[in-house]
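K.L.:
Okay, here's the structure, questions in a sec.
The values are calculated or read from the model by the stated rules, or taken from the named source; none is laboratory data. Just so we're clear, the structure is a prediction, and the values are computed from it rather than from any experiment. Glycine gets a Cβ as well: all are built from the backbone with ideal geometry, and neighbour counts include every protein chain shown. Heads up: the accessible areas ignore ligands, DNA and RNA and are worked out on the full protein's heavy atoms, side chains in. Shrake-Rupley method; radii C 1.70, N 1.55, O 1.52, S 1.80 Å.
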Amino acid sequence: FTATLYSTMLHLDRSMVAGPSGRTHQYAAAPRQIACRHRVVVRGGMTETSANVQILPTATDLIGNTPMVFLNKTCSSSVAKIAAKLESMEPCNSVKDRIANAMITAAEKQGLIAPGKTTLVEPTSGNTGIALAYVAAAKGYKLVLTMPDSMSVERRTLLKAFGAEVVLTDGRRGMEGAIFKAQDIVARTPGAYMLQQFENPANPDAHYASTGPEIWAATAGQVDILVAGVGTGGTISGAGRYLRERNPDIQIIAVEPAESPVLSGGRPGYHQIQGIGAGFVPKCLQVDLIDEVVRVASKEAVDMARALATQEGLLVGISSGAAVAAALRVGQRAENRDKLIVTVLPSFGERYLSTVLFSSLVGECDQLPVSY
């Protein structure tokens, strides 16, 4: 017969970063107790117990502890070392997995929402919506998302695949149009609740509790400069605050689209770097943390994202290209020689196939000849 016994297992998440010099730092995050099943099979008086069981309770427990890697060919002109944190390797392939789970969990703890009773509503440029759809499906929530119609078809399809309702707004109005529509839906829908990623404190708090500590541990506290794009402002604010508390001298550099340079005093405008450059200064952004804002044009971001795929083997999105382009500029400065720059690559490239990033390749593939 087969019996199932329950025990508690200590699960250690490990991350590693290794550079061209061969120096490797490995760390184990604080152990967390995870309820697991040890399957015990009794055959002819012999008992067999499965060892080293590492099965997580739910899909949301997969979030975090993403790896880091040095960038080599794309950043060969840098006098600093540049390492990337691969948020593209989150369970739903973007950094937004962290805040989606954090915002929903925080609202649940405050008694503001409950599965089966609450309809979650959120304006999103895409990745937050996908992350919310993933978490909402895992937790049993109905979800309505508003987003500019400039967002990729892949993103819309992914949202529908998770069971979310998608409402498109005029892309020329940017995220402000999506926010207005979401507010309207909440006002007209009984039991609706908007998580408000642009001003929800659980957003930067998620990065303070996880992304920042992971970067600090993976670099053995040797990180000198953090470079990150600004969408909601959560990543750079939360991770930046954690890192500055441990190293007051760390430089924190924000990245925004050159076509919509709101953070550096310019006017909002249309750009093609999905996920950053909302066209306003978000409430989640802790402006006093930022030492510098680097402007990156859409074409430069696209070119770098393509190079990351072909030269580093990292298939990432356009905002990742913007982050690396900015990090490279900073790394080329003489005063940053031998320093360690960390940048965050927010999302996976596969959901950008229909965008300016890879749309030309889709056309080429459609015209490939058949040989037999």
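K.L.:
Take the stretch 321-372 and flag every residue that is of a type in the set (S, T, N, Q) and either open to solvent by less than 30 Å² (accessible area, probe 1.4 Å) or in contact (Cβ under 8 Å) with a residue 60 or more places away in the chain (or both).
P.N.:
Answer for the stretch 321-372, where residues must be of a type in the set (S, T, N, Q) and either open to solvent by less than 30 Å² (accessible area, probe 1.4 Å) or in contact (Cβ under 8 Å) with a residue 60 or more places away in the chain (or both): 332, 336, 343, 347, 354, 355.
K.L.:
Just to be sure, is residue 191 out of contact with any Leu (no Cβ under 9 Å at 6 or more places or on another chain) and surrounded by fewer than 22 Cβ atoms within 10 Å (Cβ to Cβ)?
P.N.:
Values: out of contact with any Leu (no Cβ under 9 Å at 6 or more places or on another chain): yes; surrounded by fewer than 22 Cβ atoms within 10 Å (Cβ to Cβ): yes.
For residue 191, the condition - out of contact with any Leu (no Cβ under 9 Å at 6 or more places or on another chain) and surrounded by fewer than 22 Cβ atoms within 10 Å (Cβ to Cβ) - is met.
K.L.:
Still on this model: Filtering the stretch 288-310 down to residues that are of a type in the set (Val, Ile, Thr) and touching a residue at least 24 places away in the same chain (Cβ under 8 Å), which residue is farthest from residue 71 (Cα to Cα)?
P.N.:
Looking only at the stretch 288-310, we keep the residues that are of a type in the set (Val, Ile, Thr), and these are 290, 293-294, 296, 302, 310.
Pick out the ones that are also touching a residue at least 24 places away in the same chain (Cβ under 8 Å) and you get 290, 293-294, 296, 302.
Working: 290: 24, 293: 22, 294: 19, 296: 19, 302: 17 Å.
Taking the candidates together, the pick is 290.
K.L.:
Output the number of residues of the stretch 55-110 satisfying the condition of being touching a strand residue (DSSP E or B) at 6+ places or on another chain (Cβ under 7 Å), of a type in the set (S, T, N, Q) and more than 20 Å from residue 207 (Cβ to Cβ).
P.N.:
0
K.L.:
A further question follows. Given the criteria part of a loop (DSSP other than H, G, I, E, B) and surrounded by fewer than 19 Cβ atoms within 10 Å (Cβ to Cβ), does residue 199 qualify?
P.N.:
Details: part of a loop (DSSP other than H, G, I, E, B): yes; surrounded by fewer than 19 Cβ atoms within 10 Å (Cβ to Cβ): yes.
It is true that residue 199 is part of a loop (DSSP other than H, G, I, E, B) and surrounded by fewer than 19 Cβ atoms within 10 Å (Cβ to Cβ).
K.L.:
Could you go through the stretch 327-334 and let me know if any residue there is within 23 Å of residue 131 (Cα to Cα) and part of a helix (DSSP H, G or I). Walk me through it before giving the result.
P.N.:
Our first condition is that a residue be within 23 Å of residue 131 (Cα to Cα); within the stretch 327-334, this holds for none.
No.
K.L.:
What strands (runs of 3 or more DSSP E), lying completely within the stretch 209-320, carry at least 2 residues that are open to solvent by 30 Å² or more (accessible area, probe 1.4 Å) and over 27 Å from residue 195 (Cα atoms)?
P.N.:
Fully inside the stretch 209-320 and qualifying: 292-296.
Rundown of residues vs (1) farther than 17 Å from residue 351 by Cβ; (2) hydrophobic (A, V, I, L, M, F, W, C), yes/no style:
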{"site": "159", "(1), (2)": "no, yes"}
{"site": "173", "(1), (2)": "yes, no"}
{"site": "188", "(1), (2)": "yes, no"}
{"site": "198", "(1), (2)": "yes, yes"}
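K.L.:
For a quick check of your reading of the model, give me the residue pairs whose first member lies in the stretch 214-241 and is within 18 Å of residue 262 (Cβ to Cβ) and touching a residue at least 60 places away in the same chain (Cβ under 8 Å), whose second is of a type in the set (Phe, Trp, Tyr) and open to solvent by 10 Å² or more (accessible area, probe 1.4 Å), with beta-carbon atoms closer than 9 Å and at least 6 apart or on different chains.
P.N.:
Close Cβ pairs (under 9 Å, with a partner that is of a type in the set (Phe, Trp, Tyr) and open to solvent by 10 Å² or more (accessible area, probe 1.4 Å)) amount to 231/198; 232/198; 234/198.
K.L.:
Can you tell me which residues in the stretch 53-84 are small (Gly, Ala, Ser) and either open to solvent by 70 Å² or more (accessible area, probe 1.4 Å) or in a helix (DSSP H, G or I) (or both)? Steps first, answer last, please.
P.N.:
Going through the stretch 53-84, the residues small (Gly, Ala, Ser) turn out to be 59, 64, 76-78, 80, 83-84.
Across the stretch 53-84, the qualifying residues are 59, 76.
K.L.:
Quickly run through the stretch 133-174 and pick out the residues that are assigned to a loop (DSSP other than H, G, I, E, B) and either open to solvent by 10 Å² or more (accessible area, probe 1.4 Å) or modelled with pLDDT of 85 or more (or both). Spell out the reasoning first.
P.N.:
If we filter the stretch 133-174 for residues that are assigned to a loop (DSSP other than H, G, I, E, B), which is where we start, we get 140-141, 149-152, 162-164, 170.
If the condition is that a residue be assigned to a loop (DSSP other than H, G, I, E, B) and either open to solvent by 10 Å² or more (accessible area, probe 1.4 Å) or modelled with pLDDT of 85 or more (or both), then 140, 141, 149, 150, 151, 162, 163, 164, 170 are the ones that fit.
K.L.:
Separate question: For the stretch 338-346, does any single residue satisfy the condition of being more than 13 Å from residue 75 (Cα to Cα) and either part of a helix (DSSP H, G or I) or among the hydroxyl-bearing types (Ser, Thr, Tyr) (or both)?
P.N.:
no
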